[in-house]
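A short worksheet on the structure shown next.
The values are calculated or read from the model by the stated rules, or taken from the named source; none is laboratory data. Remember, predicted model here, so these are calculated numbers, not experimental data. So basically every Cβ, Gly included, is an ideal-geometry build from the backbone, and we count neighbours across all protein chains shown.
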Amino acid sequence: MQVTLPTERQRRFSTVKRRIGHRIRQARERHNAGNQPLSQEALAARLKIYPGRIWEIENGILGIDTQELADIARELGVHPGWFYGGYTWELGRLMGDVSGSHLNLLKSITELEADSRSLIENLVMLLSKKETASQAAGA
């Protein structure tokens with residue numbers, strides 16, 4: 001019996017599937033439904049998919065297409081790029097409803113050195129907090 005070893009491409013794809021699955025689980029567990037994390041079953045119901053599919057994705061067993069990833073991101077309130085590790089959790093949440101022109105800016109920011117990127121992310125967070133505080137004061 002001959003054993004076929006996975007190719008380098010297959011190993012990379014498997015690693016990416018596991019990393020994205022892990023990030024989906026993190027986002028789902030951080031997404032509070034009331035005081036409890038969102039369950040796999042509840043997320044599946046929102047997406048109108050088989051509940052086992054969420055488990056398979058989170059465990060890196062099955063790949064995920066871009067539309068499905070975008071749908072999951074929308075339901076969990078994060079930017080799809082967060083699943084690839086390009087953003088901090090806070091920035092991913094802030095950028096959940098990004099338009100096309102903002103995506104280009106965000107892509108440019110993520111390509112900066114870590115110190116510069118962190119400075120910009122902190123500035124965005126600070127501005128967001130100020131805007132939220134002023135909206136609350138006006139209400």
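Worth a mention:
- Helices (runs of 4 or more DSSP H) lying entirely in the stretch 48-129 (those with 3 or more residues that are closer than 17 Å to VAL16 by Cα and at pLDDT 75 or above): 51-58, 66-76
- GLN2 vs. criteria farther than 30 Å from GLU111 by Cβ, polar (S, T, N, Q) and modelled with pLDDT under 90: yes
- Here the stretch 48-70 is the region considered, the condition is being surrounded by fewer than 17 Cβ atoms within 10 Å (Cβ to Cβ) and of a type in the set (Val, Ile, Thr), and the residue that is nearest to the chain's Cα centre (by Cα) is THR66.
- Count - residues of the stretch 27-47 that are part of a helix (DSSP H, G or I), closer than 17 Å to ASP71 by Cβ and within 15 Å of the chain's Cα centre (by Cα): 3
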